[in-house]
Structures are given as C-alpha cells and as structure tokens.
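The values are calculated or read from the model by the stated rules, or taken from the named source; none is laboratory data. As the structure is a computational prediction, the values presented were derived from the model and not from experiment. Cβ: placed from backbone, ideal geometry, glycine included. Neighbour counts: every protein chain shown.
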Amino acid sequence: MTYDLRRAVRLLPITASVLLSACVSQSKYDELQAQYHQLQQQNSALTAEVAADKTQICRLQGAIKYTVNSDLLFTSGGWEMNDRGKQIITNMAAKLAPTQQNKILVSGYTDNKPVGPALERRGVTSNQDLSQKRADNVMAFLISQGVKPDLISAKGFGDADPVASNDTTQGRAQNRRVELSVPGSAC
C-alpha cells in the first residue's frame with residue numbers, strides 16, 4: 001500500500017472527528033456519521049483487496065485511481081466481461097454509486113502485442129479499438145449497477161502508457177489493465 005494511502009487511512013478518524021464536531025443539526029450529524037461509517041467500510045474492503053494483490057489504489061494529487069488487471073475482467077483477447085470481472089466491478093459500483101458526486105473516467109489499456117485474426121474478424125483491428133471496447137464495456141456495466149451516466153466516461157489508450165516492460169509475460173500482463181479514476185473533490 002502506498003505511503004499516502006496509509007497516511008490517509010490513519011488521518012481518516014481524526015479528520016472525521018473534526019468535521020463531525022462542528023456546529024451542525026442532529027440530522028446533519030447523523031448523515032455525516034453514516035457517511036463516515038460507510039467510508040470506513042469501503043476503506044476496509046479496498047484495503048483487503050489491495051492486500052490480496054488483486055487491485056491497486058493510488059492517490060494522485062487529490063484524485064484516486066483504482067487499477068484492475070484486464071485478465072481478471074475479460075476473457076483473453078476479448079472485451080466482454082467474465083463473471084469474475086462483473087463481480088469486481090459490481091463491488092466497485094456498490095462503493096461508488098451511493099455517494100457519487102465526481103466524474104469517473106474508465107481508461108482501458110493493452111499490451112503491445114498486435115490483435116489477432118479472431119479479433120479482426122469481429123471488427124477490432126488495433127489495440128486502440130480493443131482498449132476502447134473494454135473501457136466502454138466496463139463503463140456500461142458500472143452504469144447498469146447504479147453509477148450516474150452523466151458522471152462517467154470511457155477512453156481507450158491502447159498500448160500508449162505501459163506501466164511495465166512489454167518484453168516479458170509478466171510485464172505485458174501488468175500493461176493489460178482498466179483504471180477507474182476519480183478526481184478529488186473541493187471542500
């Protein structure tokens with residue numbers, strides 16, 4: 001887990017206490033208290049997923065980026081989500097949708113291996129096309145799970161931004177990913 005995320009986790013109770021101690025009505029206090037408990041539960045669930053090394057969470061200048069390896073979401077060389085992928089995205093949507101106020105960007109990435117003939121027969125002629133279809137598929141599924149359609153968009157980047165070397169099987173696997181980015185909110 002990154003240092004900033006650990007620090008944010010430790011500061012959450014202090015921040016919540018300060019926010020909750022201000023002069024507010026009982027109903028507003030109860031609402032804030034419920035949000036605080038919900039965020040604590042979400043934090044615990046995300047921490048468990050990160051500890052299991054299935055996903056990765058980064059905080060970038062007030063934004064949050066949730067990265068899922070595409071091999072967990074899609075069948076090899078495809079863009080239709082598998083059952084495991086639907087479960088992962090359903091869990092994420094359950095955490096995002098109830099309190100969603102910020103825009104979400106779904107970004108799709110691939111490794112640098114050219115698409116094969118099977119994909120070409122289905123109209124996918126490049127990694128750019130494949131990454132866009134994957135991002136669109138995840139976005140549509142998030143919307144079906146309650147994420148606000150006016151606050152989400154999808155963009156495919158193909159093999160443009162590798163996070164590891166494409167020279168190894170492990171590196172290519174890391175590069176095949178979907179990222180959900182949520183910008184920070186202003187107070």
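For D167, which of the numbered conditions (1) assigned to a loop (DSSP other than H, G, I, E, B); (2) touching a helix residue (DSSP H, G or I) at 6+ places or on another chain (Cβ under 7 Å) fails to hold?
Status for D167: all satisfied but (2).
Test D150 against the criterion of being surrounded by fewer than 21 Cβ atoms within 10 Å (Cβ to Cβ), modelled with pLDDT of 95 or more and either touching a helix residue (DSSP H, G or I) at 6+ places or on another chain (Cβ under 7 Å) or not assigned by TED's automatic domain parsing to the domain that holds Q33 (or both), and give yes or no. Show your work before the answer.
Working: surrounded by fewer than 21 Cβ atoms within 10 Å (Cβ to Cβ): yes; modelled with pLDDT of 95 or more: yes; either touching a helix residue (DSSP H, G or I) at 6+ places or on another chain (Cβ under 7 Å) or not assigned by TED's automatic domain parsing to the domain that holds Q33 (or both): yes.
Yes; evaluated as a whole, the condition is true for this residue.
Collect the residues in region 70-95 that are hydrophobic (A, V, I, L, M, F, W, C) and either outside the structural domain of R177 (by TED's automatic domain parsing) or touching a Phe, Trp or Tyr at 6+ places or on another chain (Cβ under 9 Å) (or both), keeping them in residue-number order. First the steps, then the outcome.
If we filter region 70-95 for residues that are hydrophobic (A, V, I, L, M, F, W, C), which is where we start, we get 72-74, 79, 81, 88-89, 92-94.
M81, I89, M92, A93 - these are the residues of region 70-95 that are hydrophobic (A, V, I, L, M, F, W, C) and either outside the structural domain of R177 (by TED's automatic domain parsing) or touching a Phe, Trp or Tyr at 6+ places or on another chain (Cβ under 9 Å) (or both).
Looking at G156, is it buried (at least 19 other Cβ atoms within 10 Å of the Cβ) and either among the charged types (D, E, K, R) or over 16 Å from K65 (Cβ atoms) (or both)?
Numbers: buried (at least 19 other Cβ atoms within 10 Å of the Cβ): yes; either among the charged types (D, E, K, R) or over 16 Å from K65 (Cβ atoms) (or both): yes.
Against the criterion (buried (at least 19 other Cβ atoms within 10 Å of the Cβ) and either among the charged types (D, E, K, R) or over 16 Å from K65 (Cβ atoms) (or both)), G156 qualifies.
Right, N137: assigned by TED's automatic domain parsing to the domain that holds V178, at pLDDT 90 or above and in contact with an Asp or Glu (Cβ under 7 Å, 6 or more places away or on another chain) or not?
yes
Answer yes if at least one residue in region 99-108 is assigned to a helix (DSSP H, G or I) and in the same structural domain as Q174 (by TED's automatic domain parsing), and no otherwise. Even if it seems obvious, please write down each step before you answer.
In the first step, residues of region 99-108 are kept if they are assigned to a helix (DSSP H, G or I); the result is 99.
Checking the rest, the ones that are also in the same structural domain as Q174 (by TED's automatic domain parsing) come to 99.
Yes, region 99-108 contains a residue that is assigned to a helix (DSSP H, G or I) and in the same structural domain as Q174 (by TED's automatic domain parsing).
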